[in-house]
1. Ordered shortest first, which distances in nm separate the 7 Å Cα→C-beta label point of B:Gln41 from those of the other copies?
2. Could you tell me the largest-minus-smallest coordinate of the C-alpha atoms of the stretch B:13-105 on each of the three principal axes, in descending order and whole angstroms?
3. Using a Gaussian network model of chain B whose springs link C-alpha atoms within less than 10 Å, name the residue from B:Ile30, B:Ile50, B:Ile98 with the highest mean-square fluctuation.
4. Is there a pair in A:Lys49/B:Lys110; A:Lys8/B:Lys37; A:Lys37/B:Lys49; B:Lys6/B:Lys60; A:Lys6/A:Lys87 whose C-alpha atoms are over 32 Å apart, and which pairs would that be?
5. At 1.4 Å probe size, with every protein chain present, just tell me what the per residue accessible area of the stretch A:14-105 comes to in Å².
6. Roughly what would the spin-label model give for A:Lys110 and B:Lys110, points 7 Å off Cα along C-beta, in nm?
7. Around A:Asp23, what is the net charge, scoring Lys/Arg as +1 and Asp/Glu as -1 over all other residues with Cβ under 9 Å from its Cβ?
8. Sticking with the crude label model, points 7 Å out along Cα→Cβ, report the distance from A:Gln74 to A:Lys6 in nm, one decimal please.
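The values are calculated or read from the model by the stated rules, or taken from the named source; none is laboratory data. Quick caveat, the model's predicted, so the values are computed rather than measured. When we count neighbours, we look across all protein chains shown, and the Cβ atoms used for this are built from the backbone with ideal geometry, even at glycine. Heavy atoms of the whole protein, side chains included, go into the accessibility calculation; ligands, DNA and RNA do not. Shrake-Rupley method; radii C 1.70, N 1.55, O 1.52, S 1.80 Å.
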2 protein chains.
Amino acid sequence: MGSTMKFKRSSCPITNVLDTLGDKWTLLVIRDLVLGKRRYQEFTSSPEKIASNILADRLKKLETGGLVTRHAYQRNPVRYEYLLTEKGEGLKPVLEAIIVWGKKHYPGSKRFPRVEQH
Amino acid sequence: MGSTMKFKRSSCPITNVLDTLGDKWTLLVIRDLVLGKRRYQEFTSSPEKIASNILADRLKKLETGGLVTRHAYQRNPVRYEYLLTEKGEGLKPVLEAIIVWGKKHYPGSKRFPRVEQH
DNA sequence: ACCATAACTTGCGAAACGCAAGTGACTGAG
DNA sequence: CTCAGTCACTTGCGTTTCGCAAGTTATGGT
């Protein structure tokens, strides 16, 4: 009796992905991380202007889900940065497929450039 | 002055895709359509048990967005079926990429089989 | 002491969601 | 010809989530 695995809604892989990434903001945070952003303020300064509480919530959920790690990059005062785990990096092909479809059907849209590291 | 295209949130293709597909249900309707489902009751009988009002709303939005077409497959009484347009079919690579990542990170999840046509 | 910065948290009104039940147009059974 | 049944929705309503603004905590710089 280990065969009854508990999924939130169904055993469909798409469904399970949507249960963690299915909203208007989570994938944008992933996008920012892929583009090289790491710090809280960098995420809030993206053009979509994510609200602070939504960002905090999404980062927490992504960390819980193992897509992102948080660690202090300095003490006094403590400052944190976020990095994609291998699991999180694995979403790059999904983002690529979305960009291909998006650029085709939203004329004028353009992939954002990587940010330079500090 | 045609250069100032109006996007909901930003010119990022991912953002624009999320503005139409960024929720827990829309992509599941697309999945069902890709699997061969066409009628209202077929969608509501999927294991995720989408609520009727949510389904009606999503189908309407997908039709407005040009991803889906609706047409009567019989009269007396009128019955409708939904089909993916070419634009909607274009999402298959996105679904494939999601399935690949999903199967890897949600052990036990399994792609659903196509439904037979009536 | 005072201002600034980073990373959050809190409050609250507005919008979206989810469940149940209802509606209208018919069809086939008795 | 009445009545249960099917299909494709719509309506009501309570709960949850969202989104904007403002507040908080810790610390450094001058």
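1. So the label point of B:Gln41 gives 6.0 nm to the other copies.
2. So the extents along the principal axes, rounded to whole Å, are 47, 28, 21.
3. Comparing B:Ile30, B:Ile50, B:Ile98 in the GNM, the peak value goes to B:Ile98.
4. Working: A:Lys49/B:Lys110 36 Å; A:Lys8/B:Lys37 23 Å; A:Lys37/B:Lys49 38 Å; B:Lys6/B:Lys60 22 Å; A:Lys6/A:Lys87 21 Å.
Beyond 32 Å between Cα atoms: A:Lys49/B:Lys110; A:Lys37/B:Lys49.
5. On the way: 4490 Å² over 92 residues.
Normalised by residue count, the accessible surface of the stretch A:14-105 is 49 Å².
6. Roughly 4.8 nm, to one decimal.
7. On the way: positive: A:Lys24, A:Arg58, B:Lys24; negative: B:Asp23.
Within the 9 Å Cβ shell, the charges total +2.
8. Between A:Gln74 and A:Lys6, the simple spin-label model gives 4.4 nm.
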